[in-house]
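The values are calculated or read from the model by the stated rules, or taken from the named source; none is laboratory data. Keep in mind that this is a model prediction, so the values were computed, not measured. Every residue, glycine among them, receives a Cβ derived from its backbone with ideal geometry; neighbour counts consider all protein chains shown.
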Amino acid sequence: MKEVVVSGAFEQLFAAYQRADLRLAADTYPFARLRGEIALVFANTCVPTGDLGAWAAWAKPSCDGWRPAGRARDSRAIRVLVIHHPPVMHRPPENRNLRDRGKLAEVLARVGAELIVHGHEPSR
């Protein structure tokens, strides 16, 4: 997994979907794509483990940087936060969930978001 991160393989494979309309940090993430009144804010919650896996964390230096996306066009922008891991406990194991979801809750309390979408939702 670390090789994938270092090589930028994910970013290369999904380059068409990784184009930022608004860079929110010097690093690759977070970034925003602006579509009319919607600001799609993409943040990377994956932390490579080195064993072909990853666990989830919000507490990375660049994650707070998405705050300006809500002001990208005007104050009426609808901010949609896009993350990989669920911000709440859906089911074990914990590595399928955002481990430090309290950190995300702190950021949301300060800057807000109208919607959060994520992966790892169990099918029902």
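Condition check ((1) surrounded by 12 or more Cβ atoms within 10 Å (Cβ to Cβ); (2) modelled with pLDDT of 80 or more; (3) within 13 Å of Val41 (Cα to Cα)) across all residues:
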position	(1), (2), (3)
Leu81	yes, yes, yes
Asn95	yes, no, no
Lys103	yes, yes, no
Val107	yes, yes, no
Ile116	yes, yes, yes
Arg124	no, no, no
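Looking at Leu52, is it aliphatic (A, V, I, L, M) and at pLDDT 80 or above? Explain how you work it out, then say what you get.
Working: aliphatic (A, V, I, L, M): yes; at pLDDT 80 or above: no.
The answer is no for Leu52.
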Please go through the range 33-50 and pick out each residue that is farther than 17 Å from Ala9 by Cα and out of contact with any Phe, Trp or Tyr (no Cβ under 7 Å at 6 or more places or on another chain). Arg33, Leu34, Arg35, Gly36, Glu37, Ile38, Ala39, Leu40
